[in-house]
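Taking it in order: structure first as structure tokens, then the write-up.
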Amino acid sequence: MRAVRFRDDAIQVVDVPDPNPDDGEIVSIRSASICGSDFEYIDMKCTATLGHELAGTTADGRAVAVEGVFGCGSCEQCAAGTYNMCPAALTTPLGMMRDGGMADALAVPERNLVALPDGLAVEDASLVEPLAVAMHGIHLAQAQPDQRVGIVGAGSIGLLSVAAATGAGCEVGLSARHSHQMERGEKLGAHAASGTYDIVVEASGNKGGLEDAIAMLNPTGTLIVLGLYGGNIPLPMLAFLREARVQMSLAYCGCHHGTKGTRDVDQAAALLAARPEICETLITHRFPLDDAAHAYTVAADRQAGAVKVVLLP
């Protein structure tokens, strides 16, 4: 079958063996979107098949998204629903040290399948995974409908954080680098950031964005760190002066506030089905799998208007 891998310093579509049914349910991939993490894996010269934002159909015809955190399923963390902190999940991320799903098919453990609700097309459902990342952060912040939420960074995770926060009934202010990003944020219910906020989501992944996020935070407010940092996170002194509550957010899980419950991915699928404007706003480009190299070039050019680029095997 075909698969997208980084070889010889280039994105290539190569032939690889079919997935092993012993590894899980075989999902025929119908949509696979490009994430910023994929570029990190490319920079690291990873050679595994890329892709962890995935949706497709099973052999019996079920339309599903894929929960991209593959925990062991048996350890204490998995049993508690916090499988995002399972030791196996932390050492075998899809697309880095384990083959991902930018391919014709992928073997997926049954527990990692996400049934798609009516109203969510499988061609759009690769957004379930990144929206779950954003919703997990909003859940950790325990956002309430009467609160103001500021979001710094308007890439796909920042914009999906807008969707998650407005879905929780919050007033949302967005700090965006590009005008086209702000326009998309407004379509999802945000306004330009102004003043200070009860909760601030840092979704830029850079030092300047982190400083802006702290500056936007009310005293004793909650900072949610969704942006990825390669080294230490440089908290400015202002975080101490405001007694900021700093909450790190890792992927998504099936447990909130210490109680095992509905998975973030299931709630993300439901929100996408209820609000079709999220997919319409986020997905800016679609390409066939064979055009993966061009798709990555487009996804890398944020100034040109790309937000979420989806490959269609």
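Nothing in this text is a laboratory measurement; each read-out follows from the coordinates by a stated rule. What you see is a predicted model; the values in this text were computed from it and never measured. Here the Cβ is made from the backbone with ideal geometry for all residues, glycine too, and neighbour counts use every protein chain on show.
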**Item:** GNM flexibility winner over the chain from Met237, Met85, Met135 (Cα, springs under 10 Å)
**Value:** Met237
**Request:** Just report the Cα centroid separation between the stretch 19-37 and the stretch 67-137, whole Å.
**Result:** 10 Å
**Message:** Can you report the principal axis dimensions of the chain using only the alpha carbons, biggest first, rounded to whole angstrom?
**Reply:** 56, 44, 39
**Asked** Per-residue ellipticity at 222 nm for the chain, helices alone: DSSP H runs ≥ 4 residues times -39500 (n - 2.57), over residue total, nearest 500 deg cm²/dmol?
**Response** -8000 deg cm²/dmol
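State, as an integer percentage, the relative contact order of the chain based on alpha-carbon contacts under 8 Å between residues 6 or more apart.
On the way: 748 pairs, mean separation 60.4, N = 313.
Reported as a whole number, the value is 19 percent.
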**Prompt:** Who wins for biggest fluctuation among Val225, Val152, Val128 in a Gaussian network model of the chain, springs between alpha carbons below 10 Å?
**Reply:** Val225
**Item:** For the chain, built as a Gaussian network whose Cα springs stay under 10 Å, the top-fluctuating residue of Ala164, Ala293, Ala134
**Value:** Ala293
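Would you work out if the stretch 1-145 is rounded, prolate or oblate? Take a ≥ b ≥ c from the square roots of the eigenvalues of the alpha-carbon gyration tensor; rounded if a/c is under 1.5, else prolate when a/b is larger than b/c, oblate otherwise. Please report the intermediate quantities before stating the final value.
Numbers: a/c = 1.44, a/b = 1.27, b/c = 1.13.
It is rounded, given that a/c, with a ≥ b ≥ c, falls under 1.5.
Explain nothing, just the number: relative contact order of the stretch 134-255, from Cα pairs under 8 Å at least 6 residues apart, as a whole percent.
It rounds to 26 percent for the stretch 134-255.
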**For Phe39, Phe240, Phe70, order by how many other beta-carbon atoms lie within 10 Å, fewest first** = Phe240, Phe39, Phe70
**Item:** Per-selection Kirkwood Rh - the stretch 184-308 (Cα, Å, 1 d.p.)
**Value:** 17.3 Å
**Request:** Would you mind checking the radius of gyration and Dmax of the stretch 129-203 based on alpha-carbon positions, in Å?
**Result:** 10.6, 31
